């Protein structure tokens, strides 16, 4: 049944390149508008947070929550620049993307390379640990001993996955200048080192001018909230129940994009605050479509969403239980489902 659906998707979207072609054209006007309505509110709220610490730390925390979404918008600009889709000029994309990285604290070129690899291999089980949140298949988990099963269960705990992992990722993973793709030698990425040194210099200057305690509290707490949002979106967009995961020999790019990535249908305000990244199925079909064109592309071409996995925020909360990829049923399952199945198995 699933094979028939995948074949139907491939057939229905055989002309996908011609459908999306016109939406891949960047707009300088739209790009400038997005820069203004992302950076200006972020900087304004940051300044307000700085002064609010004199009045109430709870007010500062509330403002940080709002500002973390504007940091998401800044990161989406960085993300599009990494895809060379935000503007038509490679030079300007790289300049703006680099500036965004000073706000997001995520090294521009290093992250873009990892993320572009993810786009070219999303849904391939051989590549699931590059640019995405790792997971095990049912068979892989079954073969683990009790200690490695425990390690995996701890890793997939929501507190670890959405709170501790973002801290580790932002604090260490983006600072260590190594990238290890399978089959390639680890090599130092100078762009990552440079990015980190400049971020460190900017932080040192701001700490000296504004006071270390105030600056670090505001900046790091805002980045922490932004990191949680980012991890949540990455998880929801690729590890929903009806996801798409295949070994390379059976993998299909179009199906991986449309069925492997969700359309995270959020209230309009949150769709705007998150730079339309919830329209993830179309983004994966073509990363060259700038985020400000995604909604238009979706509305004018309903065929692109006909086969997509549509999730509301309420629906997405159920995805927290998704722990293992079941190759037989072609869906994500919970640990409870796994152990229930093991008890019923005649081989158990």
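Out of everything in segment 161-194 that is in a helix (DSSP H, G or I) and touching a helix residue (DSSP H, G or I) at 6+ places or on another chain (Cβ under 6 Å), what residue ends up being modelled with the highest pLDDT?
Of all residues in segment 161-194, those in a helix (DSSP H, G or I) come to 161-173, 190-194.
Then drop every residue that is not touching a helix residue (DSSP H, G or I) at 6+ places or on another chain (Cβ under 6 Å), which leaves 162, 166, 170, 191-192.
On the way: 162: 94, 166: 91, 170: 86, 191: 73, 192: 75.
That would be 162.
Looking at segment 90-100, can you tell me whether even one residue there is surrounded by fewer than 14 Cβ atoms within 10 Å (Cβ to Cβ) and out of contact with any strand residue (DSSP E or B) (no Cβ under 7 Å at 6 or more places or on another chain)? Steps first, answer last, please.
Step one: filter segment 90-100 for residues surrounded by fewer than 14 Cβ atoms within 10 Å (Cβ to Cβ), giving 90-91.
This time we only want the ones that are out of contact with any strand residue (DSSP E or B) (no Cβ under 7 Å at 6 or more places or on another chain), so: 90-91.
The answer is yes, given that some residue of segment 90-100 is surrounded by fewer than 14 Cβ atoms within 10 Å (Cβ to Cβ) and out of contact with any strand residue (DSSP E or B) (no Cβ under 7 Å at 6 or more places or on another chain).
Take the residues in segment 273-293 that are touching a residue at least 60 places away in the same chain (Cβ under 8 Å) and in a helix (DSSP H, G or I), then tell me which one is surrounded by the most Cβ atoms within 10 Å (Cβ to Cβ).
Per the stated criteria, the residue is 282.
Which numbered condition trips up residue 264, out of (1) within 23 Å of residue 157 (Cα to Cα); (2) touching a residue at least 60 places away in the same chain (Cβ under 8 Å)?
Going through the list (1) within 23 Å of residue 157 (Cα to Cα); (2) touching a residue at least 60 places away in the same chain (Cβ under 8 Å), residue 264 breaks only (2).
Just one of 74, 40 is farther than 25 Å from residue 284 by Cβ and out of contact with any strand residue (DSSP E or B) (no Cβ under 8 Å at 6 or more places or on another chain); which is it? Working first, answer last.
Numbers: 74 fails: farther than 25 Å from residue 284 by Cβ.
So the residue among 74, 40 that is farther than 25 Å from residue 284 by Cβ and out of contact with any strand residue (DSSP E or B) (no Cβ under 8 Å at 6 or more places or on another chain) is 40.
Checking the conditions here, which among 221, 234, 270 is out of contact with any helix residue (DSSP H, G or I) (no Cβ under 9 Å at 6 or more places or on another chain) and within 30 Å of residue 33 (Cβ to Cβ)? Quick ask: steps written out before the conclusion?
On the way: 221 fails: out of contact with any helix residue (DSSP H, G or I) (no Cβ under 9 Å at 6 or more places or on another chain); 270 fails: out of contact with any helix residue (DSSP H, G or I) (no Cβ under 9 Å at 6 or more places or on another chain).
Exactly one residue qualifies, and that residue is 234.
Taking the condition touching a helix residue (DSSP H, G or I) at 6+ places or on another chain (Cβ under 6 Å), more than 29 Å from residue 176 (Cα to Cα) and surrounded by 15 or more Cβ atoms within 10 Å (Cβ to Cβ), does residue 60 pass? Don't jump to the end; show me each part of the working.
On the way: touching a helix residue (DSSP H, G or I) at 6+ places or on another chain (Cβ under 6 Å): yes; more than 29 Å from residue 176 (Cα to Cα): yes; surrounded by 15 or more Cβ atoms within 10 Å (Cβ to Cβ): yes.
Taking the combined requirement at face value, the residue satisfies it.
The values are calculated or read from the model by the stated rules, or taken from the named source; none is laboratory data. The structure presented is a predicted model; accordingly, all values stated were derived computationally and were not measured. Note that we place each Cβ from the backbone using ideal geometry, even for glycine, and neighbour counts take in every protein chain shown.
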